[in-house]
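Only one structure is covered here, and it is reproduced in the block below.
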Amino acid sequence: MSILDLFLKKQGVKDPNELDNIPNPDGSPTEREVFEKYKKILSKEELTLDDFKQFLAAQISVIEGKWRDLNLEQNKKAELIPYHTVYKTLEQVISSPLAEREQLINYLTQLI
């Protein structure tokens with residue numbers, strides 16, 4: 001029995017299919033999507049850079065979804081700014097070599 005199965009059992013969920021899979025209005029992942037994501041992560045021996053990129057993109061998406069929620073208090077939205085800043089900065093740091101490469105290719109192509 002996996003650690004996720006033990007966690008679900010402790011929460012009173014007998015089977016992952018019992019988890020809510022109805023899309024959330026704020027765009028955040030459903031319980032089942034989160035479960036599947038955690039299951040996928042725990043099944044790997046080592047996380048890849050793509051896994052990390054996907055994690056960052058998902059976290060950014062969740063935060064931006066909460067910002068779009070008109071029912072969420074402004075102070076709660078403001079608390080998310082530092083997290084969003086860190087996730088976006090990490091995403092940019094990872095992507096910057098690729099962006100620089102694309103700019104150089106475009107520059108050289110224009111010179112040809």
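In region 24-36, the count of residues that are in contact with a Gly (Cβ under 8 Å, 6 or more places away or on another chain) and farther than 30 Å from Met1 by Cα is one or more.
For region 65-112, the set of residues classified as under 19 Å from Thr30 (Cα atoms), touching a residue at least 24 places away in the same chain (Cβ under 8 Å) and either touching a Ser or Thr at 6+ places or on another chain (Cβ under 9 Å) or in a helix (DSSP H, G or I) (or both) consists of Gly65, Lys66, Arg68, listed by residue number. Against the criterion of being over 12 Å from the mean Cα position of the chain (by Cα) and at pLDDT 85 or above, Lys76 qualifies.
Can you confirm whether Lys37 is free of Cβ contacts under 8 Å to residues at least 40 places away in the same chain, assigned by TED's automatic domain parsing to the domain that holds Gly27 and more than 11 Å from Asp26 (Cβ to Cβ)? Here the answer is yes, as Lys37 does meet what is asked.
Residues that are surrounded by fewer than 15 Cβ atoms within 10 Å (Cβ to Cβ) and among the polar types (S, T, N, Q) within region 17-43 comprise Asn17, Asn21, Asn24, Thr30, Ser43, listed in sequence order.
Take the conditions closer than 22 Å to Leu90 by Cβ, more than 14 Å from the chain's Cα centre (by Cα) and either free of Cβ contacts under 8 Å to residues at least 12 places away in the same chain or surrounded by 11 or more Cβ atoms within 10 Å (Cβ to Cβ) (or both) and apply them to Glu46. Does it pass?
Details: closer than 22 Å to Leu90 by Cβ: yes; more than 14 Å from the chain's Cα centre (by Cα): yes; either free of Cβ contacts under 8 Å to residues at least 12 places away in the same chain or surrounded by 11 or more Cβ atoms within 10 Å (Cβ to Cβ) (or both): yes.
So Glu46 passes the test.
Evaluating Gly65 against the criteria (1) at pLDDT below 90; (2) closer than 23 Å to Leu19 by Cα; (3) not hydrophobic (A, V, I, L, M, F, W, C) leaves one unmet condition, (1).
The values are calculated or read from the model by the stated rules, or taken from the named source; none is laboratory data. Small disclaimer: the values here were computed from a predicted structure and weren't measured. All Cβ positions, even for glycine, are placed from backbone atoms using ideal geometry, and neighbour counts span all protein chains on display.
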